[in-house]
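Below: one structure, written as structure tokens.
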Amino acid sequence: DLEPQRSAADVGGWHRADRMGVSCAVLYDSHRQILTDFHENQVAELLRRLQEFDLVIGFNIKRFDYRVLSGYFDWDFDRLPTLDILDSLYHRLGFRLSLDHLARNTLGVKKQADGLQALRWWREGRMDALLQYCRQDVLITRDLFLFGRRRGYLLFAERSGRKVRIPVEW
């Protein structure tokens, strides 16, 4: 997971995510079972680490994280073996769900903040809060993946409030 320095509004739209910059990123290595923090001056090391993995798992990683990172590198991120949980669910459902929605309904946990709060922390120089938020997103993503792999589904709530299973094959 990564957090940007600038919002879509700051850079002229989501199609310019490559101009958002990286405030921080967090990587979870499932083999070593450790989280590693990265700052903007370490994005080359982050890319090197991503290239070492058999599979990179993220939430909206293809449409967001990789596009933000593309502002630093002339490299084809499609070369990374990637499971994008949001992309996988979108192809099945035809609509997008937030990480917080899936976390609340599948895992019973709530995200501590959102992307706008993360931008405020960046602007205030609150790297401690920003990294804690980013780490939580990584752990939620990990837990959603593991839940889906073990049980073959994730849960979301319809507008009526009824929980529905989304089959997954990971």
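The values are calculated or read from the model by the stated rules, or taken from the named source; none is laboratory data. As the structure is a prediction and not an experimental result, all values here were calculated from the model. Neighbour counts run over all protein chains shown; Cβ positions are idealised from the backbone, glycine included. Areas reflect the complete protein model, heavy atoms only, side chains present, ligands, DNA and RNA absent. Shrake-Rupley method; radii C 1.70, N 1.55, O 1.52, S 1.80 Å.
Structure summary
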item: With at most 10 other Cβ atoms within 10 Å, longest stretch of the chain clear of loop GluC sites (Glu not before Pro) (DSSP); result: 1-157
item: Centre separation in Å (Cα based) which lies between the range 12-53 and the range 116-170; result: 17 Å
item: Amide H partners (placed H, <5 Å) of Ile166, local residues excluded; result: Leu154, Leu155, Phe156
item: Accessible area of Val109 in the full protein assembly, 1.4 Å probe (Å², nearest 10); result: 60 Å²
item: Cα gyration tensor shape of the range 1-131, rounded if a/c is under 1.5, else prolate or oblate by comparing a/b with b/c; result: rounded
item: Sequence-distant residues sharing a close amide H with Thr82 (under 5 Å, placed H); result: Val56
item: Local electrostatic count at Trp121 - Lys and Arg +1, Asp and Glu -1, tallied over other residues with Cβ under 9 Å; result: 0
item: Rounded to the nearest 20 debye, dipole of the chain from Cβ charges on Lys, Arg, Asp, Glu; result: 840 debye
item: Sparse-neighbour loop sites [chymotrypsin sites (Phe, Trp or Tyr not before Pro); the range 1-96; at most 13 other C-beta within 10 Å; DSSP]; result: Phe73, Trp75, Phe95
item: Per residue, in Å², the accessible surface of the chain once ligands and nucleic acids are set aside, probe 1.4 Å; result: 55 Å²
item: Size of charge dipole - the range 96-170 - debye, nearest 20, with Cβ of Lys, Arg +1 and Asp, Glu -1, no other charges; result: 260 debye
item: Segment Phe95-His31, extension gain: residue separation times 0.36 nm, minus the distance between their alpha carbons; result: 19.8 nm
item: Cα gyration tensor shape for the range 109-149, rounded if a/c is under 1.5, else prolate or oblate; result: prolate
item: The range 50-94: C-alpha gyration tensor shape, a/c 1.5 cut-off, then a/b vs b/c; result: oblate
item: Share of carbon and sulfur in the accessible heavy-atom surface of the chain [1.4 Å probe, %]; result: 45 percent
item: Positive minus negative residues near Arg135 (Lys, Arg vs Asp, Glu; Cβ under 12 Å); result: -3
item: Radius 15 Å from Cβ of Gly152, net charge of other residues (Lys, Arg +1; Asp, Glu -1); result: +4
item: Which of Val26, Leu116, Gly94, positive extreme of dipole for the range 14-159 (C-beta unit charges); result: Gly94
item: Qualifying trypsin sites (Lys or Arg not before Pro) for the range 25-126 [loop in DSSP, other Cβ within 10 Å: at most 15]; result: Arg32, Arg96, Lys110, Arg126
